[in-house]
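The values are calculated or read from the model by the stated rules, or taken from the named source; none is laboratory data. Computed from a prediction, not measured in an experiment: that's the story for all the values here. In this analysis, Cβ positions are derived from the backbone assuming ideal geometry, glycine residues included, and neighbour counts consider all displayed protein chains. Quick note on the areas: whole protein, heavy atoms, side chains included, nothing else; ligands and nucleic acids left out. Shrake-Rupley method; radii C 1.70, N 1.55, O 1.52, S 1.80 Å.
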Amino acid sequence: MLPRVRAIRRFTVRTVLPEALAALDDLALNLRWSWHAPTRELFASIDPERWGDVHGDPVRFLGGLSPERLAELAADAEFVARLNGLADDLHRYRSEDRWYQDEAQRRVAAGEPALPSSIAYFSAEFGITAALPQYSGGLGILAGDHLKSASDLGAPIIGLGLLYGAGYFRQFLTRDGWQHETYPLLDPDNLPLTLLREGDGTPSRISLPLPGGRVLHAQIWRADVGRVPLLLLDSNVPENDDLARRVTDRLYGGTSEHRLHQELLLGMGGVKALRVHARLTGTPEPEVYHCNEGHAGFLGIERIRELIERAGLSFAAATEAVRAGTVFTTHTPVPAGIDRFGADLVAEHFGGGNELPGIGVEDVLALGRESYDGGDPAVFNMAVMGLRLAKKANGVAQLHGRVSRGMFAHLWPGFDTSEVPITSITNGVHGDTWTDPSFVRAQTEAFTPDELASGAGWYKSEGGIDNTTLWELRRQMRSRLVADARVRVRKSWLKRGASPAELGWVDGVLDPDVLTIGFARRVPTYKRLTLMLRDTDRLRRLLTDPERPVQIVVAGKSHPADEQGIRLIQKLVQFADSEDVRERIVFLPNYDIEMAQTLYPGCDVWLNNPLRPLEACGTSGMKAALNGSLNLSILDGWWDEMFDGENGWAIPTADGVDDPERRDDLESAALYDLLENTVAPRFYDRTDGLPVHWLENVRHTLATLGPKVQATRMVRDYITELYTPTAEFYRALGGGDGADRSAAPALADWKAQVHQAWPGVRVEHVESEDVHDVVKVGDRVTLKAFVALGSLRPEDVEVQVNYGRVGEDDELDEFGTAELALTDTYEGGRYQFSRAFTLAQSGPFGYAVRIVPRHPALAGATELGLVAAAS
Ligand SMILES: *Cc1c(COP(=O)(O)O)cnc(C)c1O
């Protein structure tokens, strides 16, 4: 039987632009307009009303322009000059040397390791503009901001993702406040995307085998994010059977099998798409593959497959080469947030006749197996595979790094949690996307570029932005939010079945002079959307206070399968529907980038009250800060490291209170207290009409947080701390074409030997000369360790001493690590290692000797997960 193919062919007739306006196409097709206000202003000037209707999608906008209007514009010399000026600016932006090129040269001159020639960034979501709804929340926005900032820095990154036919859902409310979802189909031909095509014009294809002889085909769309290409795989092609066509139908939908197919396509298909793109454009192969969260983890399997095929490596050797070029970022400390599949389901795809050449099903399963105490043997864990296939791994804020080291410590038994090889790079946000254009303009006019970048402009004594101006700018942003909220509330009520006649009150919703608090985010339970409703009487009093009222704007989508989240939204909506408070608290449906861009600047206070430490980073508060909002937040995620007492407030947490009800009581009471006694009084305390103390906090936030929360800072950190060292390993282990192919097999063989020999590796005994029960600071102590190494050579190991203060539990707190040197060799694989050191600290002091594997191609002592300690 022939596969059933839906006989749908769509045609989109793109507008033919007059010659003089050809540059409009270039401007529309490069997503830089999404963060370049002058380009958006040019589009808007063509037809302001229609521009508003298309929600900032220039491709759709241009498609709807009449030939008459186009002819008019083509004859308008001033317009054409402005257009060509912007096109030149885009061209310059894309081709000039930027930070990365300068840094590359500096490194060559300084003899430092070279920056990666290219970096592939894989993510299941990308949030770049509301017009391309390929994101559900923070993870996707972060990925979008990563690409935009990489572009600004000139970094040679290429993004890999999926093109979801209906993106994430649109949210509506029913009359009684229940979330309702719709999935409007996107038309890729009408989006700022171009299809990758072969030289003869046929669309390029990649394919993957599926069980039962099925094949999953996909086409590849390319979005241009400034200088950065983003490739998006789309399974909606005629060669696919119905089921396969639906693999990329929507973000995070469907069954486990559906998700697995999405992730196989993203990871394995993504690597194939990269190769097609490289072949068509001649771009170099990446030296670094960044797996942003576990979803794309199968990218490692595809690269292992390639190396087996291209270079004839064994599975183990190919794995070493692949790991050498991989960075993994974990984004969630919530165990339920980790992506897991049934091991059986994964086995069906890599076994039972579907084996990839040279890769046994057991090889694949072992990568994702929870082979530790408390792990589920029936499960394939994508985060675990991500960590096992990466040379470097990180969390997304300092606290989250610590929490992740604890969460994954069972993968490194025998090591201290602090040694778990997961570092952290704190997220950032893309300044030009998330700062209100009027606020950017005011700063660019008043500050030099250096003052803008360093934040120093906010403190300059002359020609800066004074308090009156700052307060007026803040008021304008608040007023725009109020106007936008009224439009959204009215629309929502009409959808909920109200008649226009009942909605007169909507004109009085929110007040441009009232202290405005924002709370918008996805609605998983840990974010505690309804914490503010803990004591509704108290909240009512805050909202309706005759002298110092507050108003609250709330938004957020719940995952459609999360009924608990949907119920939380309903509870909030029903409260906001109450006649006595509905002008002071609103729920705005369909939180997305477009809403967010008006919401953050319009809020005076950005509220964040997750259950600590479950918010990995959180980025909405950073975006608010860029616009001069003050954060009011639990000390979680980024706030835990960036709150400084002057840039907002910390809501005290009841860490350690196990009863969740009691914890919510305590933390909500603390929140109300802060609002009532500190936040509102400071906002309403005026001198000559200005809230002077408040404005000091705003200025301080802008000057000091502004630079730190930038995604350019984040991407630079990734480049220097993770990408470049990873690229070094990649070069050393011969992952690239034409590289030395012997290094990876040698490392794989060495690791196999070490694993085999390890049962014979022991610290037999330790002597400390000159140590009595009481020693003095400054005393010199010599340690001698007598070790057995079995069949290993002394250079295969490092004998270490961990030393430091002994805590109450008899364990070392805050220890240091030092290496012992080989000082004697005995018969039968036995050795003496020793070291002398000076006691520098008073107090209870202890030490422990251990042996770990050592090899120059290891990222660290933990890489093999082997350690032999003195018993
Ligand atoms: C920034 C952003 C998020 C993520 O915010 P968090 O504070 O990390 O929860 C989610 N959705 C949209 C539309 C955003 O702009």
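Numerical summary
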| read-out | value |
| --- | --- |
| Added length on full extension, which subtracts the Cα-Cα distance from 0.36 nm per residue, Asp740 to Phe172 | 198.8 nm |
| Relative intensity, log₁₀ I(q)/I(0), of segment 714-826 from a Debye sum that treats every alpha carbon as a point, q = 0.13, 0.17, 0.19 Å⁻¹ | -0.84, -1.04, -1.10 |
| Inter-probe distance in nm under a simple model that places probes 7 Å from Cα toward Cβ, at Glu445 and Asp655 | 4.6 nm |
| Pair Glu563, Thr678: separation of 7 Å Cα→Cβ label points (nm) | 4.0 nm |
| With all protein chains modelled, accessible area of Leu185 [1.4 Å, Å²] | 140 Å² |
| Cα-Cα separations in segment 436-537 greater than 25 Å, expressed as whole percent | 48 percent |
| Solvent-accessible ranking of Leu747, Leu356, largest area first, probe 1.4 Å | Leu356, Leu747 |
| Sparsely packed trypsin sites (Lys or Arg not before Pro) within segment 619-706, loop by DSSP, other Cβ within 10 Å at most 14 | Arg686 |
| Among Leu70, Leu572, Phe122 the positive-end extreme of the charge dipole of the chain (Cβ point charges) | Leu70 |
| With Cα atoms, 0 to 90° folded angle of helix 37-46 axis to the chain main axis | 30 degrees |
| At most 10 other Cβ within 10 Å, DSSP loop - GluC sites (Glu not before Pro), segment 80-145 | Glu96 |
| Expected-Rg normalisation [2.2 N^0.38 Å, Cα atoms] applied to segment 519-580 | 1.18 |
| Extended-chain gain in nm, criterion 0.36 nm per residue less alpha-carbon gap, Glu827 and Glu239 | 204.9 nm |
| Magnitude of the charge dipole, segment 185-299, Cβ model with Lys/Arg +1 and Asp/Glu -1, debye to 20 | 120 debye |
| GluC sites (Glu not before Pro) within segment 393-489, DSSP loop, no more than 14 other Cβ atoms inside 10 Å | Glu462 |
| For segment 19-95: relative contact order, % (alpha-carbon pairs under 8 angstrom, 6 or more apart) | 42 percent |
| Principal-axis tilt of helix 299-311 within the chain, Cα atoms, nearest 10 degrees | 60 degrees |
| Burial order of peptide ranges 501-508, 403-410 (average beta-carbon count within 10 Å, highest first) | 403-410, 501-508 |
| Pairwise FRET efficiency - Glu808 versus Gln841, Cβ, R0 = 22 Å, nearest 0.05 | 0.85 |
| Over segment 19-95: Kirkwood hydrodynamic radius from C-alpha pairwise inverse distances, Å | 12.5 Å |
| Which of Thr678, Ala273, Leu17, positive extreme of dipole for the chain (C-beta unit charges) | Leu17 |
| Thr724 - accessible surface, heavy atoms, 1.4 Å probe, Å² rounded to 10 | 10 Å² |
| Cα-based helix-to-principal-axis angle, 270-281 vs the chain, degrees rounded to 10 | 70 degrees |
| Check: segment 404-478 dipole with +1 on Lys, Arg Cβ and -1 on Asp, Glu Cβ, in debye | 300 debye |
| Cubic angstrom per residue, convex hull over Cα atoms of segment 149-275 | 146 Å³ |
| Sequence ranges 572-578, 17-23, ranked by mean other-Cβ count within 10 angstrom, highest first | 572-578, 17-23 |
| Greater than 29 Å apart at Cα, pairs in Lys272/Lys391; Lys571/Lys708; Lys392/Lys708; Lys391/Lys527; Lys460/Lys708 | Lys571/Lys708; Lys391/Lys527 |
| Hull volume in cubic angstrom per residue (convex hull over the Cα atoms of segment 529-632) | 119 Å³ |
| Check: segment 753-869 dipole with +1 on Lys, Arg Cβ and -1 on Asp, Glu Cβ, in debye | 360 debye |
| Alpha carbon convex hull of the chain, projected area averaged over orientations, nm² | 42.4 nm² |
| Sites Arg662 and Ala37 - FRET efficiency at Förster radius 45 Å, r taken between beta-carbons, to 0.05 | 0.40 |
| Taking the C-alpha atoms of segment 464-706, convex hull volume expressed per residue in Å³ | 123 Å³ |
| Residue-normalised accessible area of segment 464-706, expressed per residue, 1.4 Å probe, Å² | 36 Å² |
| The chain - percent relative contact order, Cα under 8 Å, separation 6 or more | 11 percent |
| Segment 410-513: relative contact order in percent, alpha carbon pairs under 8 Å with at least 6 residues between | 19 percent |
| Residues Asp88 and His55, FRET efficiency given R0 of 35 Å [Cβ-Cβ distance, rounded to 0.05] | 0.80 |
| For segment 375-524, average projected area of the Cα convex hull in nm² | 16.3 nm² |
| For segment 402-444, average projected area of the Cα convex hull in nm² | 4.4 nm² |
| Accessible-area value, Arg170, 1.4 Å probe, nucleic acids and ligands omitted, Å² | 110 Å² |
| Within the accessible area of segment 558-700 (1.4 Å probe), percent carbon and sulfur | 45 percent |
| For the chain, share of DSSP beta bridges that run antiparallel, in % to the nearest 5 | 60 percent |
| Geometric extent, Cα atoms of segment 797-871 - Rg, Dmax (angstrom) | 13.9, 40 |
